[in-house]
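Undergrad: Below you will find the structure I want to go over with you.
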Amino acid sequence: MGYPKDVNAPMEGVVRPSWRPLVVETEGDPPTLNQAAYEVCTIRALRDQLRCREIWVVGSRRYRNPEEDLPQDFEEKRTAYYEELGIPLDAKAYLASIKAEMTQGLKALDDGMLTNPGVRILPKRKGWIEVSPFEALPDPENLALLKEEIVRRWPMTSLLDVLKEADHRLRFTRFFRSPTPRERMDPGTLRRRLLLGLYGIGTNAGLTRITFGGSGESFRDLLYVRRRYVSMEAMRQAIVEVANATLAVRLPHVWGEATTTCASDSKQFGAWDQNLLTEWHMRYGGRGVMVYWHVEKKSVCIYSQFKRVSSSEAASMIEGVLRHCTDMDVGRHFVDSHGQSVVAFAFCRLLGFELMPRFKAIGAQKLYRPEAGQTYPNLALVMASRAIDWELIEQQLDTMVKHAVAMKRGMADAESLLRRFTRGNIQHPAYKALTELGKAIKTIFLCRYLASEDLRREVNEGLNVVESWNAANDLILFGRKGELATNRREDQEMGLLCLHLIQASLVYINTIMIQEVLEDPGLLGRMAPRDLAALSPLLTAHVTPFVRFDLDLETRLPLKLAISSA
């Protein structure tokens, strides 16, 4: 069915050129259009504009006017906002420092290319970067002795006892409070039921299995405690308490000095498909929900968050760095290819931390010139044809700072703000400026990444820590084959927060166990630098999740430092 002849339906920005033969039945002024095909194009255009928030919905939170996400007092507090981000008010001076950093990095990489054994630039595909695989480092010689000693001292340690021991030392159960002032339940009984409930939810065993597994508690009592006392806020507070305690208890001569490096990646968990949040993931395969983990260099997970399959990993990365609430100060952040973009590079620089990705398509990357006319003969094949447009960045710096401040202060989540800067909104001047700044920062990183094998190893090792964290998930989330058996998003998120708490408790207790074993001067003296560098508290050989759930609050794990806040 076609539109009436007197209706002049707009074509520009609605019908793509490839769709025009399907939409236009008869050319003319106006043309005769196929109504069904034109309406499909209209819906697609509306979807694209909603995604990048060029069109907004009054009264909606997710699709509201994007200007409402930004600080409304920017003109009055412009100086304070710039100081908060550590950016000088003089835009020219700020960009000159970035330009100088680019120039220095490109020159250093160009000068070292002829003697760089791990990187070559090939003429294929009009310029291709080839990075040689790493040579294998020697295996740690003495870590096996350490692991054997831990298994000997604490064989078949119950994961439930690990959670209980962490609570004995930190009393994170104090964060789980009743929403009403009156509480008549005995504190010991409440604590016991809380630990059993958190364990049942976090391992996916469920409260029913805890009830019939020798716990001595009824399902009704456990469910009551779960509904009355366990909240998202309390879970976050408990996780932060355990993470901070792990960072504080570390001995520098064992773990090294505190670092500011962190890595993040996502993991898919299976879930029932009768749920609006459950999606099919093409990369991971199968149906499920996604959790994005932020794990520091020595296996402390500082933040976890639910994300949709279709949402940006770059947005999740920024959100975790800004919202983790632990004592760790993130200065450098490792991600894989899916956690980075040129816009993410720009925002990370504005927010004061360095984005350090491992590129899957490293060969296709391009470097940009700070100024037109600059030549780098050994990099010529991979240099982009044009220079960075610094003038555009200078013009839009206020707008970029507005968005960075909104992210940092939580005026809107990172995904909502980044959604505005996508390829579908390429005409937006701030998007163009962000891509220019992002290309400059990405070029600086690539120069360092290609010039230093040590840096490439560091990024790779950081991401391997996240992979180890994901592998340990499978041991702890043993119930129902790791599939989340609920259709409620709140219950799914609660289950994965409980998993996070149990795993963080395992890392905390393992840290204490390792340090107690290494109190032996003989064993510590045998630990070579390579052994200490590879040391991880994410050990599971001595742990079993398959036990009776007869929780005795009076018994403790046999550790020397029996610290208790009880």
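Undergrad: For the stretch 334-372, how many residues are out of contact with any helix residue (DSSP H, G or I) (no Cβ under 8 Å at 6 or more places or on another chain) and under 22 Å from Asp110 (Cα atoms)? Give the derivation first.
TA: The initial filter retains those residues of the stretch 334-372 that are out of contact with any helix residue (DSSP H, G or I) (no Cβ under 8 Å at 6 or more places or on another chain), namely 337, 362, 372.
Right, trim to under 22 Å from Asp110 (Cα atoms) and you get 362, 372.
Matching residues across the stretch 334-372 total 2.
Undergrad: On to the next question. Residues Ala344, Ala372, Ala384, Ala380: which one is under 18 Å from the mean Cα position of the chain (by Cα) and over 22 Å from Pro133 (Cα atoms)? Spell out how you get there, then give the answer.
TA: Details: Ala372 fails: under 18 Å from the mean Cα position of the chain (by Cα); Ala384 fails: under 18 Å from the mean Cα position of the chain (by Cα); Ala380 fails: under 18 Å from the mean Cα position of the chain (by Cα).
Exactly one of Ala344, Ala372, Ala384, Ala380 is under 18 Å from the mean Cα position of the chain (by Cα) and over 22 Å from Pro133 (Cα atoms), namely Ala344.
Undergrad: Do we have any residue at all in the stretch 106-118 that's hydrophobic (A, V, I, L, M, F, W, C), surrounded by 16 or more Cβ atoms within 10 Å (Cβ to Cβ) and within 29 Å of the chain's Cα centre (by Cα)? Show your work before the answer.
TA: Start the filter on the stretch 106-118 by keeping residues that are hydrophobic (A, V, I, L, M, F, W, C), which leaves 106, 108-109, 113-114.
Now drop any that are not surrounded by 16 or more Cβ atoms within 10 Å (Cβ to Cβ), which leaves 106, 109, 113.
When the remaining residues are screened for being within 29 Å of the chain's Cα centre (by Cα), the result is none.
No, every residue in the stretch 106-118 fails to be hydrophobic (A, V, I, L, M, F, W, C), surrounded by 16 or more Cβ atoms within 10 Å (Cβ to Cβ) and within 29 Å of the chain's Cα centre (by Cα).
Undergrad: Can you confirm whether Gly214 is at positive phi, in contact with a strand residue (DSSP E or B) (Cβ under 9 Å, 6 or more places away or on another chain) and loosely packed, with under 15 Cβ neighbours inside 10 Å? Walk me through it before giving the result.
TA: Details: at positive phi: yes; in contact with a strand residue (DSSP E or B) (Cβ under 9 Å, 6 or more places away or on another chain): no; loosely packed, with under 15 Cβ neighbours inside 10 Å: yes.
So Gly214 fails the test.
Undergrad: Spot the failing condition for Glu149; the list is (1) touching a strand residue (DSSP E or B) at 6+ places or on another chain (Cβ under 7 Å); (2) in contact (Cβ under 8 Å) with a residue 24 or more places away in the chain, and only one is missed.
TA: The failed condition is (1).
Undergrad: Moving on to the next point. Kindly state which strands (runs of 3 or more DSSP E) lie completely within the stretch 339-388 and contain at least 3 residues that are within 21 Å of Ala451 (Cα to Cα) and in contact (Cβ under 8 Å) with a residue 60 or more places away in the chain. Reasoning before the result, please.
TA: On the way: elements: 354-358, 367-369, 383-387.
Counting at least 3 such residues, we get 354-358, 367-369.
Let's see how each residue does on (1) of a type in the set (Val, Ile, Thr); (2) touching a Gly at 6+ places or on another chain (Cβ under 9 Å); (3) buried (at least 17 other Cβ atoms within 10 Å of the Cβ):
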| position | (1), (2), (3) |
| --- | --- |
| His294 | no, yes, yes |
| Lys297 | no, yes, yes |
| Ser304 | no, yes, yes |
| Ser310 | no, no, no |
| Ala315 | no, no, yes |
| Gly320 | no, no, yes |
| His324 | no, no, yes |
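Undergrad: Filter the stretch 374-406 for residues that are hydroxyl-bearing (Ser, Thr, Tyr) and surrounded by 15 or more Cβ atoms within 10 Å (Cβ to Cβ); which is farthest from Ala100 (Cα to Cα)? Lay out the reasoning, then the answer.
TA: If we filter the stretch 374-406 for residues that are hydroxyl-bearing (Ser, Thr, Tyr), which is where we start, we get 375-376, 385, 399.
Restricting the remaining residues to those that are surrounded by 15 or more Cβ atoms within 10 Å (Cβ to Cβ) gives 376, 399.
On the way: Tyr376: 15, Thr399: 23 Å.
Of everything passing the filter in the stretch 374-406, Thr399 is farthest from Ala100 (Cα to Cα).
Undergrad: Can you run down the residue pairs with Cβ atoms below 7 Å, 6 or more apart or on separate chains, where the first is in the stretch 267-281 and at pLDDT 70 or above and the partner is part of a strand (DSSP E or B) and of a type in the set (Phe, Trp, Tyr)?
TA: Lys267/Trp293
Undergrad: OK, next. From (1) of a type outside the set (Lys, Arg); (2) in contact with an Asp or Glu (Cβ under 7 Å, 6 or more places away or on another chain); (3) in a loop (DSSP other than H, G, I, E, B), pick out the condition that doesn't hold for Asp327.
TA: (2)
The values are calculated or read from the model by the stated rules, or taken from the named source; none is laboratory data. Quick caveat, the model's predicted, so the values are computed rather than measured. Please note: Cβ atoms are built from the backbone with ideal geometry, for glycine as well, and neighbour counts cover all protein chains shown.
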